[in-house]
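I am attaching a structure below and will ask some questions about it afterwards.
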Amino acid sequence: MIIQTRCIREAKPGDLATYRWGSLRDFEDGRIFAPSERLLSNYKYGSLSWEAYERQYLAEMEAFYQKSPGCFIELLQRDEVTLVCYEALPDRCHRRLLAGLLARMAKEQGIGVVLDIR
């Protein structure tokens, strides 16, 4: 399985849009993997450090997985998935965190993973 991340400027039609706001254009709707509005706002406006944001986003995704594992399993059954967001660099973007989480889940199921983080 190949898991890629891309800034929206590098995205192609059919990539998975994991951002909360904005047009989906020709992207597949993946907004269910976006951080909550509260979490994103707290981080963007300085109420949360990046480290706290990371922990809380991953906790949100773990809780979402417990409620809706099928959403994650569907992604893990693909040969390739490209996660898209507006952040220019992946260093402080949830798409990198989500890619890491998916890679860990894939490995736990015996699925080989290639990560391409941009």
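Does segment 17-53 hold any residues that are in contact with a Lys or Arg (Cβ under 9 Å, 6 or more places away or on another chain) and not aromatic (Phe, Trp, Tyr), and which are they?
Passing the criteria: ALA17, THR18, ARG20, LEU24, ASP26, ARG31, ALA34, PRO35, SER36, GLU37, LEU40.
For ARG6, state whether it is touching a residue at least 40 places away in the same chain (Cβ under 8 Å) and either surrounded by 19 or more Cβ atoms within 10 Å (Cβ to Cβ) or under 17 Å from ARG92 (Cα atoms) (or both). Steps first, answer last, please.
Working: touching a residue at least 40 places away in the same chain (Cβ under 8 Å): yes; either surrounded by 19 or more Cβ atoms within 10 Å (Cβ to Cβ) or under 17 Å from ARG92 (Cα atoms) (or both): yes.
So ARG6 passes the test.
Follow-up. Which helices (runs of 4 or more DSSP H) sit wholly inside segment 4-98 and have at least 2 residues that are within 25 Å of VAL114 (Cα to Cα) and modelled with pLDDT of 95 or more? Working first, answer last.
On the way: elements: 37-44, 50-67, 69-76.
Per the criteria, 50-67, 69-76.
Is it true that ILE32 is farther than 13 Å from HIS94 by Cα, under 12 Å from the mean Cα position of the chain (by Cα) and of a type in the set (A, V, I, L, M)? Can you show your working first?
Values: farther than 13 Å from HIS94 by Cα: no; under 12 Å from the mean Cα position of the chain (by Cα): yes; of a type in the set (A, V, I, L, M): yes.
Against the criterion (farther than 13 Å from HIS94 by Cα, under 12 Å from the mean Cα position of the chain (by Cα) and of a type in the set (A, V, I, L, M)), ILE32 does not qualify.
Do we have LEU102 as part of a helix (DSSP H, G or I), in contact (Cβ under 8 Å) with a residue 40 or more places away in the chain and closer than 23 Å to SER41 by Cα here?
Values: part of a helix (DSSP H, G or I): yes; in contact (Cβ under 8 Å) with a residue 40 or more places away in the chain: yes; closer than 23 Å to SER41 by Cα: no.
Spelling it out, it is not the case that LEU102 is part of a helix (DSSP H, G or I), in contact (Cβ under 8 Å) with a residue 40 or more places away in the chain and closer than 23 Å to SER41 by Cα.
The values are calculated or read from the model by the stated rules, or taken from the named source; none is laboratory data. These numbers were taken from a predicted model, which means no experiment stands behind them. Positions of Cβ are backbone-derived with ideal geometry, glycine not excepted, and every protein chain shown enters the neighbour counts.
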